[in-house]
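Data block below; observations after.
The values are calculated or read from the model by the stated rules, or taken from the named source; none is laboratory data. If you're wondering where the values come from, they're calculated on a predicted model, not measured in any experiment. Please note: Cβ atoms are built from the backbone with ideal geometry, for glycine as well, and neighbour counts cover all protein chains shown.
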Amino acid sequence: MLSSIKNSAAVSPSKQLAMMYFRVAIVLFGAQLLMGLIAGLQFLYPSFLYEIFDFSVARMVHINALVVWMLYAMIGSTYLMLPDETGIDKPVAIGLGKLAFWVLTAAVAVVVLVFIFIQVGPGKESSIWFINEGREYLEAPRWADIGIVVVVLIFYANVFFTYMKGKKTGIMTVMVANLMALAGLYLAGMFFTDNISIDQYWWWWVIHLWVEATWEVFVGTLAAYALIKVIDAKREIVEMWLWIEVLMLFGSGILGLGHHYFWIGTPEYWWEIGALFSALEPVPLVAMFVHVLYDWGKEQGHADAHGKGSAIKNGPTMAWITINAFGNFLGAGIWGFFHTLPQVNIYTHGSQFTAAHGHLAFFGAYATILIGMMYLGIQQVYGIERMKTTFKGKMAIFLITFGVLGMTVALTIAGYEQVLVERAELGAGWQAFFTAQNLPWYIQAQTWREIMGVVTFVGFIYLVLDLLTIGKVAQESKE
Amino acid sequence: MAEKKASVWTSISFWRRSAAWVTGFATILLIWLTFDTISQIRMGTDEELAKGIKRRIPAPTVINYKIGYKYDEKRGLEVPVIGPEKNPLFGKELSPKEAKNLLHLGKLTEQAKNCMDCHTLLGNGAYYAPDLTKAWLDPMWAKGGPMQAMTGKNSKEEAMVEFLMHPDKYPTHARMMPNLGITEKEAKGLVAFLKHMSSIDTNGFPRGFSKTIKDYETGGTYAK
């Protein structure tokens, strides 16, 4: 994928731009995993890089690299499907789109360097503007926030006006409307207040309404597009499914926001609202799972009846979409539901339970399908008719999935111990916290988390090697 | 498929319209609830504090008062108890403006030093260090507790300031807070921020806060 693409003249400029975004995304994915390994190791050896590269720094880069690589892959996926869905090969302002890519990448590089080398600032407004905003996931300083808004506006304008000019499919209609909400929500996180409750109230508008509403709809859109491309699913069927998913995802996810308003100073009525709507959040995830398997079975049956062999035109993409369907339901749905009721959450809020859910949900719901989109991009730009999963690709699928599942189970066990000992038994003070953190069972769980993190990282290396070579290999074997 | 089918369940336009209605309805409900919530979580005023009127998030001058965290039979959870006794931070009562400025410095410092990527505040953040929601009330800092003894200070706030400025000098566990270059002024702001946060009505989170501290003192199971 990083090597030059041979037949680039024949590839639409939009898809070429998509590949540029995918390349940066995969580099940032690697950075995310490395930072996770450092932070995980610090749980076991607290003196590791103490006062040089503290946990807070590793953790900040870990979660920011995560968000940014996903946004890159999402922008890439949008540029990938844009020509197919609108019938226009060249987005209306492709030059500006490319410029925006370079500006964004330069800004991300500067922000990461400041995070790594300057780390923290004095308690002044200038720190918030130029060093670190200090709000989990939204640590990027204010100047970068504004830069991101400008770049995203350019991206959105490109998508919107291309859509207006071309065909208006159902998939693209959902994409355009959803992207507007996704981009607009970022503004809710761009102000400073002394009131920590109001701070967190709006902070959750960005975080929750991204990952539990607009990002999920985005995934639905990608799955719809990819199913058409990969197994020739019927457009009418996937588009109808997509509207049902939008209905269920927004119907549950928007007010599901309430489950973050149990304990931040907000009124008690959020208990009922948050519990009810967030308990419904897994429903669309089941539906998405059923939908992918249903379409797969249907198209395979169709292919069998006509003696055509496999219905799948892109093995790795289909595999990652299937893992997405299952992982989204398991990670976001089941692991989220575990601790979403206030009766449980008063004990589990802010424990390793949250970390367990976070790992499996981000992986299952987002990482998987975005990796699938990268494979789809490679297939398209290399002009490969049928792309089979290679050995490296299979190793990547197995090791990454197994690794993340292992981390999730380990963190769940750590969380269980933490919740019972620190919260229920001892009552969440300073001593209670450390008593629970130092129990052998907790340390054992953290050890397994780190081992499974290494397994995930080995899988990532296979993934990169596969992405770098699969296109060329498939192209050569065709020739 | 969409137009000619008899059943509405296989009509794309039916689902499209339903999706739009449900999304619109949920959004309007959220906006309406947001107006109500924001009005309830605005910071209160100094006058309300003086009159004993309860606000979910009290005025910054709450740092002039004694703050507790007591079980409320009716609500079935712990709630902050503010005053009426005064207990001014650093022994000096602050005007509303002074208190506001100190809290502002504290909140800015909390963000600039990136506290949230090790600690949790109101339960949100990272899980590497203790939750700070009710840190002001933690028995670790109380009179006769280990932190005042270790730092050689005679009050909770002075001990906190000393620790925040030189956390590397006062280890309590192998996992230590790094020295973040916090100045004395910033540390005082942070203490004001922590004291203010402990006065927020969090619907009982964290539950049973430090309830077992008596065990530590009297030789219970986990006595140290």
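Residue A:391 satisfies every condition listed in (1) over 22 Å from residue A:364 (Cβ atoms); (2) away from chain B (no Cβ under 14 Å); (3) in contact (Cβ under 8 Å) with a residue 40 or more places away in the chain except (3). Test residue A:190 against the stated conditions and say whether it is within 14 Å of another protein chain (Cβ to nearest Cβ) and of a type in the set (A, V, I, L, M). Spelling it out, residue A:190 is indeed within 14 Å of another protein chain (Cβ to nearest Cβ) and of a type in the set (A, V, I, L, M).
The set of residues in the range A:412-471 being in contact (Cβ under 8 Å) with a residue 40 or more places away in the chain and β-branched (Val, Ile, Thr) consists of A:412, A:419, A:443, A:447, A:451, A:454, A:455, A:456, A:458, A:464, A:469, A:470. Candidates A:337, A:362, A:326: the one that is more than 14 Å from every other protein chain (Cβ to nearest Cβ), closer than 30 Å to residue A:426 by Cα and part of a helix (DSSP H, G or I) is A:337. Once the range A:313-344 is narrowed to residues that are buried (at least 21 other Cβ atoms within 10 Å of the Cβ) and of a type in the set (Ser, Thr, Tyr), the residue that is farthest from residue B:77 (Cα to Cα) is A:317. For the range A:165-204: of the residues being hydroxyl-bearing (Ser, Thr, Tyr) and buried (at least 19 other Cβ atoms within 10 Å of the Cβ), which is nearest to the chain's Cα centre (by Cα)? Among those residues, the one meeting the criterion is A:201.
Scanning the range A:126-144 for residues being under 21 Å from residue A:103 (Cα atoms), surrounded by 19 or more Cβ atoms within 10 Å (Cβ to Cβ) and among the charged types (D, E, K, R) gives a total of 2. Can you name the residue in the range A:38-77 that is assigned to a loop (DSSP other than H, G, I, E, B) and among the charged types (D, E, K, R) and, of all such residues, is surrounded by the fewest Cβ atoms within 10 Å (Cβ to Cβ)? If we take residues in the range A:38-77 being assigned to a loop (DSSP other than H, G, I, E, B) and among the charged types (D, E, K, R), then A:51 is surrounded by the fewest Cβ atoms within 10 Å (Cβ to Cβ). Kindly indicate whether residue A:273 is within 9 Å of chain B (Cβ to nearest Cβ) and part of a helix (DSSP H, G or I). Spelling it out, residue A:273 is indeed within 9 Å of chain B (Cβ to nearest Cβ) and part of a helix (DSSP H, G or I). Do the conditions hold for residue B:61, that is, is it out of contact with any strand residue (DSSP E or B) (no Cβ under 7 Å at 6 or more places or on another chain), within 12 Å of another protein chain (Cβ to nearest Cβ) and of a type in the set (S, T, N, Q)? For residue B:61, the condition - out of contact with any strand residue (DSSP E or B) (no Cβ under 7 Å at 6 or more places or on another chain), within 12 Å of another protein chain (Cβ to nearest Cβ) and of a type in the set (S, T, N, Q) - is not met.
For the range B:130-153, which residues satisfy the criterion of being under 23 Å from residue B:200 (Cβ atoms) and of a type in the set (Val, Ile, Thr)? Selection gives B:133 alone. Taken over the range A:135-170, the residue count meeting the criterion of being under 19 Å from residue A:94 (Cα atoms), without any contact (Cβ under 8 Å) to a residue 60 or more places away in the chain and β-branched (Val, Ile, Thr) is 5.
For the range B:45-56, check the following and say yes or no: at least one residue is among the hydrophobic types (A, V, I, L, M, F, W, C), facing chain A (nearest Cβ under 9 Å), assigned to a helix (DSSP H, G or I) and in contact (Cβ under 8 Å) with a residue 12 or more places away in the chain. The answer is no; no qualifying residue exists. Test residue B:197 against the stated conditions and say whether it is free of Cβ contacts under 8 Å to residues at least 12 places away in the same chain and either of a type in the set (Ser, Thr, Tyr) or at the interface with chain A (Cβ under 7 Å from one of its Cβ atoms) (or both). In short, no. For the range B:57-76, a residue qualifies if it is outside any loop (DSSP other than H, G, I, E, B) and basic (Lys, Arg), and the qualifying residues are B:66, B:70.
All conditions but one from (1) of a type in the set (S, T, N, Q); (2) modelled with pLDDT of 95 or more; (3) closer than 30 Å to residue B:146 by Cβ apply to residue A:456; the one that does not is (3). Take the conditions (1) more than 14 Å from every other protein chain (Cβ to nearest Cβ); (2) touching a Lys or Arg at 6+ places or on another chain (Cβ under 7 Å); (3) assigned to a strand (DSSP E or B); residue B:84 misses just one of them, which is (2). Might you check whether a residue that is in contact with a Gly (Cβ under 6 Å, 6 or more places away or on another chain), in a helix (DSSP H, G or I) and free of Cβ contacts under 8 Å to residues at least 60 places away in the same chain occurs anywhere in the range B:97-113? Yes. Looking only at the range A:23-37, decide whether some residue is at pLDDT 95 or above, part of a helix (DSSP H, G or I), within 14 Å of chain B (Cβ to nearest Cβ) and buried (at least 20 other Cβ atoms within 10 Å of the Cβ). Yes, some residue in the range A:23-37 is at pLDDT 95 or above, part of a helix (DSSP H, G or I), within 14 Å of chain B (Cβ to nearest Cβ) and buried (at least 20 other Cβ atoms within 10 Å of the Cβ). Cβ-Cβ distances below 6 Å connect the following pairs, each with a first residue in the range A:175-200 that is in contact (Cβ under 8 Å) with a residue 12 or more places away in the chain, a second residue that is among the charged types (D, E, K, R), and a separation of six or more residues or different chains: A:190/A:145.
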